[in-house]
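The next block holds one structure in the form of structure tokens; read it before the comments.
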Amino acid sequence: MGKPTGFLEYARQGNPCQPPLERVAYWNEFHPRLGREERQRQGARCMACGVPFCQSGAVLNGMVSGCPLHNLVPEWNDLVYRRKLGRALERLLKTNDFPEFTGRVCPALCEAACTCGLNGQPVTVKDNELGIIEEAWEQGLMSPRPPETRTGRTVAVVGSGPAGLSCAQRLNRRGHSVTVFERADRPGGLLMYGIPNMKLEKSVVQRRLDLMAAEGIAFRTGVDAGRDVGQEELREQFDAVVLCCGAAQPRDLDVPGRAGVDVWFAVDFLTGATRALLDGTYCPSAQGKDVVIVGGGDTGNDCVGTSIRHGCRSVTQIEMMPKAPDTRAENNPWPQWPRICKTDYGQEEAVAVFGQDPRRYQMTIKECRADREGNLQSVIAVHLESKLADGRMTMVEIPGSEEELPCQLLLIAAGFLGPEDYVPE
């Protein structure tokens, strides 16, 4: 696949990235795409390896290696190199319903498993994927494709996030009549409100929703399944019901002072920021505040970037676990997913704006402190160490290691516990 000597002739060149101090002034995406010739050379780097781990989606050492969708990566890399856009699009859409989303927000497990990355730089698989789909939109290849015949069967899909939209699209193309129920005022779920605009512009989401509606999928927004509509009504109106409601139940902090107006779950904070951007409505603002974020993952990083764009005074991201190594450990060889420290866009921006990495490792929050009017003023953090207990390593407090951090906005990005109970019940 690709040019047989391409990986020897061409260096990896990802989509350019606008400097942090420039991009924090706005909410738009900040990765302009390469031109066609540059993209062709990146497709040429795919090296026709005998076993394409990039598309395997195999579980190695407890982590997925390669694309979980089993995208036909070498095939469309070759077609990118040969400038066969129509065929590249066909092969891409065979396994991936929404490459314009994954090409922006996927962590690129394919690249971590790329054979080129064993002794050099991996192929720009994610950028190539985005290049194919965006050029297809520009060339008018993404037109409505409603089914030629209908089966007469009806399906209700509860939830319009990535899973719900994928389910709806595939069922619709098989000829079933699909209605998607969404409790928010816009479809898209996590894509619309959980991912900030600078990672995924909402016009990109709306463009796909408009295409799906033109293909015959009905969207009912502002309907909370399990509350506004019950199972009896759904079963009477539809032949099948699919629950795609996501893991929307956040993990909370059980500490003194938690129940304050200045403490928000991360997704609620990010949702408010996107609503303010789209509708000009109120959102919890970080402007002029010392922000503390509990959680070191992608959502916590999104909160860092959002807080900086609000104009926060400072931002601290607390992570319970130790810092991951900067390079692979001996027990984490290729093609396993690399368990290394990744500095994401929000953290890069914090370094540029405040002069230091916002992350503090092996810490957690022990208490929230407010003034007499109930306004959050600080949090008490405590340092942690790993200890063996009951045969497993756990993080425990270090006595006397408490530290007071200024904080007028506390954001909880500590993960999720699963779907909210009332929906499956």
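Close Cβ contacts (under 7 Å, 6 or more residues apart or on different chains) running from residues in the range 61-75 that are within 14 Å of Gly43 (Cβ to Cβ) and at pLDDT 95 or above to residues that are crowded, with 20+ Cβ neighbours inside 10 Å and among the β-branched types (Val, Ile, Thr) comprise Val73/Val125. For first residues located in the range 124-153 and touching a residue at least 24 places away in the same chain (Cβ under 8 Å) and open to solvent by less than 10 Å² (accessible area, probe 1.4 Å), partners that are charged (D, E, K, R) and not in a loop (DSSP other than H, G, I, E, B) and lie 6+ apart or on another chain with Cβ distances below 6 Å form the pairs Val125/Glu111; Ile133/Glu100. Has the range 166-178 got at least one residue that is under 30 Å from Asn28 (Cβ atoms), surrounded by 16 or more Cβ atoms within 10 Å (Cβ to Cβ) and in contact with a helix residue (DSSP H, G or I) (Cβ under 8 Å, 6 or more places away or on another chain)? Yes - at least one qualifying residue is present in the range 166-178. Pairing residues of the range 283-295 that are in contact (Cβ under 8 Å) with a residue 60 or more places away in the chain and closer than 18 Å to Gly194 by Cβ with residues that are open to solvent by less than 40 Å² (accessible area, probe 1.4 Å) and not hydrophobic (A, V, I, L, M, F, W, C), at Cβ distances under 6 Å and at least 6 apart in sequence or on separate chains, gives Pro284/Gly272; Ala286/Ser307; Ala286/His310; Ile293/Gly300; Ile293/Gln317. Looking only at residues in the range 154-164 that are β-branched (Val, Ile, Thr) and within 23 Å of the chain's Cα centre (by Cα), the one that is surrounded by the most Cβ atoms within 10 Å (Cβ to Cβ) is Val157.
Elements of the type strands (runs of 3 or more DSSP E) sitting completely within the range 213-312 and holding at least 3 residues that are hydrophobic (A, V, I, L, M, F, W, C) and modelled with pLDDT of 95 or more: these cover 240-243, 263-265, 290-294. Please determine, by comparing only the residues of the range 20-53 that are in a helix (DSSP H, G or I) and basic (Lys, Arg), which one is most open to solvent (accessible area, probe 1.4 Å). Checked the range 20-53; the qualifying residue most open to solvent (accessible area, probe 1.4 Å) is Arg36. Looking across Glu215, Glu148, Glu201, Glu182, one residue alone is under 21 Å from Thr95 (Cα atoms) and of a type in the set (Asp, Glu). It is Glu215. Assigned to a helix (DSSP H, G or I) and at pLDDT below 95, is that true of Gly117? So Gly117 passes the test. Taking every residue in the range 383-409 that is of a type in the set (Gly, Ala, Ser) and pairing it with any residue that is not in a loop (DSSP other than H, G, I, E, B), at least 6 positions away or on another chain, the pairs with Cβ-Cβ distances below 6 Å are Ser386/Met393; Ser386/Met395; Ser401/Val382; Ser401/His383.
Scanning the range 1-16 for residues that are at pLDDT 90 or above, open to solvent by less than 70 Å² (accessible area, probe 1.4 Å) and part of a loop (DSSP other than H, G, I, E, B) yields Thr5, Tyr10, Gly14, Asn15, Pro16. Looking at Ala156, Ala218, Ala163, Ala184, just one residue is in contact with a Cys (Cβ under 8 Å, 6 or more places away or on another chain) and at negative phi, and that residue is Ala163.
Look at the range 7-22: where a residue is within 19 Å of Arg104 (Cβ to Cβ) and a partner is among the acidic types (Asp, Glu) and at pLDDT 95 or above, sitting 6+ places away or on another chain with Cβ atoms under 8 Å, you get Gln13/Glu38; Gly14/Asp127; Asn15/Asp127; Pro20/Glu348; Pro20/Glu349.
The values are calculated or read from the model by the stated rules, or taken from the named source; none is laboratory data. Every value quoted in this text rests on a predicted model; they were computed, and no experiment measured them. All Cβ positions, glycine included, derive from the backbone under ideal geometry; neighbour counts span all protein chains shown. For accessibility, only protein heavy atoms count, side chains too; no ligands or nucleic acids. Shrake-Rupley method; radii C 1.70, N 1.55, O 1.52, S 1.80 Å.
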